[in-house]
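The values are calculated or read from the model by the stated rules, or taken from the named source; none is laboratory data. Predicted model only: the values in this text are computed from it and were never measured. When we count neighbours, we look across all protein chains shown, and the Cβ atoms used for this are built from the backbone with ideal geometry, even at glycine.
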Ligand code: NAD
Ligand code: UFG
């Protein structure tokens, strides 16, 4: 299939591009480079052993998207493009809704015009809000506690309406838990343009000495060591989940929400210790107060993905840390 990846040079998009190429698909990377760099395209071509096509642009440019869908005879779209920093979304909600929600509306209009009706959307475990029970399955009630989360929920609901309006649509909302790690080559990984908000990329920079310590947001949660628990999933497992979702959509019409997680949670301190073991570096930590909006524990019931997509996460925490460390070291040695 010819697959358009919006946000294709970003963290998850770039790793998925490799897995799709390995599975025999042709990918077109589309990105405005607001949180990624064009050099990713070279790296991807190096890993894939062939040139991947990149088009610079913004999903809010409806006409451009429409032209691309036709020009490249796109069969399906994976929609990664979006802004994802929770704190920024609180400060700049209009920017978040314009990028995430308006961007998706433009994409849907262009897809309708081009008669392309297969879409995989990057959703998030954030749509579950504060968990009522654990592990979180797809029937768990949804709610949002910040504009970022609300933008994901609005989009999911919009997509549900689109699928109900026309039975030709095939839509998968993949609810990612906490993607971490990097491709085994160390050539691509999580490389935000600004200071990292997420734990793993920050941790990796503490290990290199770029930051003096990791600030742990709260050690008074009702968890084994008091720090927050999350379902960390290797980005290559996540990438494989997208390939499986496209296969699933070949046989299934309608709207589907599917968790992509491992089903197991680790605390912040467990991740810190695993990273120390993988990197051989000492990670100084400082406990500070809880970060507003954080939940204590979040992990997936991943049985639907196993049953429907025939997909399971295979890589362990050590692999997540080793690959993230390899990528960080390579990145630092080049700068
Ligand atoms: P990322 O920032 O690395 O990738 C997103 C890419 O989209 C970037 O390359 C950015 O330049 C691009 N982009 C942003 N707005 C755009 C626009 N208007 N037009 C074109 N390109 C645009 O983030 P990621 O971690 O790869 O996340 C991909 C998707 O997965 C996002 O939608 C995010 O909300 C979602 N998600 C991420 C996580 C996570 O922890 N990484 C968890 C759950 C969901
Ligand atoms: N944490 C720290 N210090 C840091 C960064 C994070 O202690 O510097 C802690 C957090 O408090 C939390 C855990 O590490 O307990 C993980 O935090 P992240 O910021 O890495 O991830 P979140 O679970 O907060 O959120 C991520 C994505 C969201 C997505 C969510 C659900 O950022 O976009 O996972 O999958 F919605």
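Is at least one residue of region 236-248 outside any strand (DSSP E or B), within 11 Å of ligand 2 (Cβ to nearest atom) and buried (at least 18 other Cβ atoms within 10 Å of the Cβ)? Yes, the conditions are met somewhere in region 236-248. Among what's in region 311-332 and is farther than 12 Å from residue 271 by Cα and assigned to a loop (DSSP other than H, G, I, E, B), pick the residue that is nearest to the chain's Cα centre (by Cα). Only one residue tops the list, namely 313. Restricting attention to region 274-291, the residues being within 14 Å of ligand 2 (Cβ to nearest atom) and either surrounded by fewer than 16 Cβ atoms within 10 Å (Cβ to Cβ) or over 13 Å from residue 232 (Cβ atoms) (or both) number 9.
Within region 307-325, residues that are on the phi > 0 side of the Ramachandran plot reach partners that are at pLDDT 95 or above with beta carbons closer than 9 Å, at six or more positions or on different chains, in the pairs 310/244; 310/247; 310/248. Of the candidates 19, 42, 38, the single residue that is surrounded by fewer than 20 Cβ atoms within 10 Å (Cβ to Cβ) and more than 13 Å from ligand 1 (Cβ to nearest atom) is 42.
To keep it simple, each residue is scored yes or no on (1) in contact with a helix residue (DSSP H, G or I) (Cβ under 6 Å, 6 or more places away or on another chain); (2) within 16 Å of ligand 1 (Cβ to nearest atom).
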| position | (1), (2) |
| --- | --- |
| 265 | no, yes |
| 272 | no, no |
| 275 | yes, no |
| 284 | no, no |
| 292 | no, no |
| 306 | no, no |
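Total residues in region 208-231 satisfying the condition of being within 16 Å of ligand 1 (Cβ to nearest atom), farther than 12 Å from residue 289 by Cβ and out of contact with any helix residue (DSSP H, G or I) (no Cβ under 7 Å at 6 or more places or on another chain): the figure is 3.
Scanning region 44-90 for residues that are more than 24 Å from residue 19 (Cα to Cα) and within 16 Å of ligand 2 (Cβ to nearest atom) turns up 85, 86, 87, 88, 89, 90. Being under 20 Å from the mean Cα position of the chain (by Cα), within 25 Å of residue 291 (Cα to Cα), surrounded by fewer than 16 Cβ atoms within 10 Å (Cβ to Cβ) and modelled with pLDDT under 95 is a condition met by no residue of region 95-118.
In region 1-54, of all residues being without any contact (Cβ under 8 Å) to a residue 12 or more places away in the chain and part of a loop (DSSP other than H, G, I, E, B), the one that is nearest to residue 246 (Cα to Cα) corresponds to 24. Might you check whether a residue that is in a helix (DSSP H, G or I), in contact with a helix residue (DSSP H, G or I) (Cβ under 8 Å, 6 or more places away or on another chain) and modelled with pLDDT of 95 or more occurs anywhere in region 130-137? The answer is no, given that none of the residues of region 130-137 is in a helix (DSSP H, G or I), in contact with a helix residue (DSSP H, G or I) (Cβ under 8 Å, 6 or more places away or on another chain) and modelled with pLDDT of 95 or more.
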